[in-house]
Amino acid sequence: MRESPLILTVEDEPRISRYLRSSLQMAGYDVLVAGDGVKALELVQENRPDLVLLDLGLPRMGGFEVLEHIRKQFDMPVIVLTALDTEDDKVKALMMGADDYLPKPFGNRELQARIVAVLRRYQAAEPAAKKETVYQNGGLRIDYSTRQVTIDGSAVHLTPTEYRLLATMAENTNRVLTHDYLLTHVWGVEYSDDVHILRATIWRLRQKIEHDAANPHYILNEPGIGYRLANRNESPSAG
Ligand code: CA
């Protein structure tokens with residue numbers, strides 16, 4: 001990461017765009033500005049910002065499409081600005097790989113807090129120190145030193161947040177982890193009530209590591225409580 005993180009704001013409403021730019025600059029960030037989706041993708045390609053603040057309703061290319069393109073190619077965090085504070089938009093954006101969302105209208109304090117939290121999460125992507133550097137659970141393998149995840153020998157590309165969630169579950173294989181525990185450990189205490197973010201990230205992880213995401217083999221639901229990463233290693237005493 002650069003000395004001053006570079007933030008790209010994508011917002012077509014000039015008043016909000018100016019507000020974002022000045023409050024981010026005041027907070028010490030370098031800022032790039034795009035007013036539509038096509039320009040946003042160009043700036044992402046050219047400058048690889050450390051974070052993207054993305055409005056959903058945009059001219060030329062909508063925010064969901066921009067998000068989809070970003071997630072195909074890049075790992076930088078994306079915070080979505082949702083004009084319509086509907087559950088649907090929020091959940092859809094999270095399932096598509098947004099790291100967080102900020103319902104409009106938002107205040108400067110809330111904006112800054114979200115940015116700090118997301119950047120911190122990406123910088124501190126390394127989980128607690130490990131004794132062994134390779135984790136093997138059935139066909140799931142995590143190499144902690146390179147942060148490489150494979151399923152049955154094929155590499156799986158995870159965003160830093162997805163990796164953190166998986167690594168946290170792997171550290172606690174076969175233990176039921178509550179929503180609150182996972183949110184606090186992976187996202188931070190200020191997210192402890194945000195079950196949407198957890199559900200969406202679990203959904204994305206399952207799409208990437210399960211053969212059949214609807215009938216998961218590794219990441220199991222513990223209804224009303226949380227999730228458990230099942231132990232799929234064959235018991236040495238079996239047979
Ligand atoms: Ca808009």
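The values are calculated or read from the model by the stated rules, or taken from the named source; none is laboratory data. Bear in mind the structure is a predicted one, so any value in this text is a computation, not a measurement. Methodologically, a virtual Cβ is constructed for each residue, glycine included, from the backbone with ideal geometry; neighbour enumeration extends over all protein chains shown. These area figures cover heavy atoms from the full protein model, side chains too; ligands, DNA and RNA do not enter into them. Shrake-Rupley method; radii C 1.70, N 1.55, O 1.52, S 1.80 Å.
Max-minus-min Cα coordinates of region 157-229 on each principal axis give 33, 25, 22 Å, with the largest extent listed first.
Give me the Debye-computed log₁₀ of I(q)/I(0) at q = 0.12, 0.16, 0.21 Å⁻¹ for region 82-204, equal point scatterers on Cα only, no solvent, two decimals. Scattering profile of region 82-204, log10 relative to I(0): -0.49, -0.83, -1.30.
In this simple spin-label model, placing a label point 7 Å from the Cα along the Cα-to-Cβ direction at both Thr178 and Glu110 gives a separation of 2.7 nm.
Dividing the mean sequence gap of close Cα pairs (under 8 Å, 6+ apart) by how many residues the chain holds gives a relative contact order of 13 percent.
Taking the chain as a Gaussian network of alpha-carbon nodes connected by springs under 10 Å, the highest mean-square fluctuation of the residues Thr184, Thr201, Thr159 belongs to Thr184. Springs between Cα atoms under 10 Å define the GNM used for the chain, and in it the highest mean-square fluctuation of Thr178, Thr133, Thr82 occurs at Thr133.
Is the C-alpha gyration tensor of region 1-45 telling us rounded, prolate or oblate? Criteria: a/c under 1.5 is rounded; beyond that, a/b larger than b/c is prolate, otherwise oblate.
It comes out oblate by the Cα gyration axes.
Per-residue ellipticity at 222 nm computed for the chain from its helices equals -11500 deg cm²/dmol, with DSSP H segments shorter than 4 residues left out and the rest contributing -39,500 (n - 2.57). For the chain, excluding the exposed loop sites themselves (trypsin sites (Lys or Arg not before Pro), DSSP loop, at most 16 other Cβ atoms within 10 Å), the longest remaining stretch covers 61-129.
The residues of the chain expose on average 49 square angstrom of accessible surface per residue, using a 1.4 Å probe on protein heavy atoms. A convex hull fitted to the Cα coordinates of region 41-107 yields 85 cubic angstrom per residue.
The translational diffusion coefficient of the chain, from Stokes-Einstein at 4 °C and 1.567 mPa s with a Kirkwood hydrodynamic radius over alpha carbon pairs, comes to 69 µm²/s. Comparing Thr133, Leu8, Ala93 along the charge dipole axis of region 1-133, the residue lying farthest to the positive side is Thr133, per the Cβ-charge model. Helix 37-47 and the longest principal axis of the Cα set of the chain meet at an angle near 70°.
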